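Working notes for the structure below.
The values are calculated or read from the model by the stated rules, or taken from the named source; none is laboratory data. Owing to the predicted nature of the structure, the values given are computational and were not obtained by experimental measurement. Reconstructed Cβ throughout: ideal geometry from the backbone, glycine too, with neighbour counts over all protein chains shown. Heads up: the accessible areas ignore ligands, DNA and RNA and are worked out on the full protein's heavy atoms, side chains in. Shrake-Rupley method; radii C 1.70, N 1.55, O 1.52, S 1.80 Å.
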Amino acid sequence: MTEVKKFFVDAFRHLGSNRGVPVIDVRFYPYAGLRHTIRLRSGQVYVRLSDICKDSPPEVLRSLAFVLVARLLGKKIPPVHDRTYRDYSLTPGVMRSSDIARRGRGRKMISSSHGTVYDLDKMFSKLNRRYFYSGLEKPTLTWSQRKTRSILGHHDRVYETITISKSLDSTKVPEWFVEFILYHEMLHIKHAARMINGRRYYHTAAFRLDERRFAKYEEAQRWLEQIARQRRVPRTRAA
């Protein structure tokens, strides 16, 4: 741990200009996945690193220190450190350890697939027959706990779930639009993410091509743009 702390001291000296090096407390923590935090409280820096990285090579831990300190200070992450840590985090062994940690330590909030207006189970079966020849294995389907508007749908490969925003379970939202959001997430089951130049791409060319097969694709895109515009409009607070 002393060696890891030295990496953070070094990062502050290189990135902190003339700020000086604060008191730093570094510990490994059993997060549910590959997650790290760095916080400044009362002049002291608290660092919690995922214990998945406990046996990482020294150069990876040093790069991680530079990545976290740069974020804390609002500085640009040095490319060499960004690349070193990212490449390591995307290795099969680390990704597998992260998935295992999420399954064992994490918790997935599940409500129900039966909404007030729409039934995700019935919708999945319909889409599976029409677009996938009933070839997709059904994951756990659930409406979100809250009416999220920034994220309308999410496929979680670790927990094998598809979550659809509760904001879409409304008579004001056409059924075909809910189907499109669910269809998009179903495509993530069919099209696995691809690693290209050290980055993970979820929406590949094949994914986008299949997405356009949706019967009301153009209408769905217009709805998405309308939702995006509504999110950008400043809202006044009621007195």
Region 1-78 - Debye-derived log10 I(q)/I(0), Cα point model, q = 0.11, 0.18, 0.27 Å⁻¹: -0.24, -0.67, -1.49
Give me the 1.4 Å probe accessible area per residue for the chain, excluding ligands and nucleic acids, in Å². 61
In a shell of Cβ-Cβ distance under 9 Å around V45, excluding V45 itself, what net charge do Lys and Arg (+1) and Asp and Glu (-1) give? +1
Treating only the Cβ of Lys, Arg, Asp and Glu as charged (+1, +1, -1, -1), what charge dipole size does region 67-179 show about its Cα centre? Round to the nearest 20 debye. 420
With label points built 7 Å along Cα→Cβ from the Cα atoms of R86 and K190, find their separation and express it in nm. 2.9
Here region 166-176 yields Karplus 3J(HN,Hα) values (6.51, -1.76, 1.60; θ = phi - 60°; whole Hz; Gly and Pro given as x) of 4, 5, 8, 7, 8, 5, 7, 9, x, 4, 5
For region 87-98, what does the Karplus curve 6.51 cos²θ - 1.76 cosθ + 1.60, with θ = phi - 60°, yield as ³J(HN,Hα) per residue in whole Hz, taken in order and with x for Gly and Pro? 4, 5, 5, 9, 6, x, x, 5, 4, 5, 5, 5
Interchain or sequence-distant (5+) residues whose placed amide H lies within less than 5 Å of the amide H of F28 are L49
Computed [θ] at 222 nm, helices only, for the chain once each DSSP H run of length n ≥ 4 contributes -39500 (n - 2.57): -14500 deg cm²/dmol
Counting sequence-distant residues (5 or more places) and residues on other chains, those with an amide H built under 5 Å from that of G153 are S165
A 1.4 Å probe over the protein heavy atoms gives region 56-168 a carbon and sulfur accessible-area percentage of 50
Which length gain, in nm to one decimal place, applies between H114 and D25 when the Cα-Cα distance is subtracted from 0.36 nm times their residue separation? 27.4 nm
Can I get the semi-axes of the chain's equivalent ellipsoid? Compute them from the C-alpha gyration tensor as square roots of 5 times the eigenvalues, in angstrom, largest first. 40, 22, 17
Could you work out how far helix 217-232 tilts from the main Cα principal axis of the chain, as a 0 to 90 degree angle to the nearest 10? 50
Dividing the mean separation of Cα pairs under 8 Å (6+ apart) by the residue count of the chain yields a relative contact order in percent of 12
Region 47-112-region 132-151 distance, computed between alpha-carbon centres (Å): 27
How big, on average over all directions, is the shadow cast by the Cα convex hull of region 51-188, in nm²? 10.9
For region 172-193, list residues with backbone N below 20 Å from a point placed 7 Å from the Cα of A215 toward its Cβ? 172-187
FRET efficiency (E59, R157; Cβ distance; R0 25 Å; to 0.05) is 0.30
Linear extension gain, T171 paired with R41, 0.36 nm per residue minus alpha-carbon span: 42.1 nm
Convert each backbone phi in region 14-20 into a coupling constant with the Karplus relation 6.51 cos²θ - 1.76 cosθ + 1.60 (shift: θ = phi - 60°), then list the ³J(HN,Hα) values in order as whole Hz, x for Gly and Pro. 7, 9, x, 6, 9, 6, x
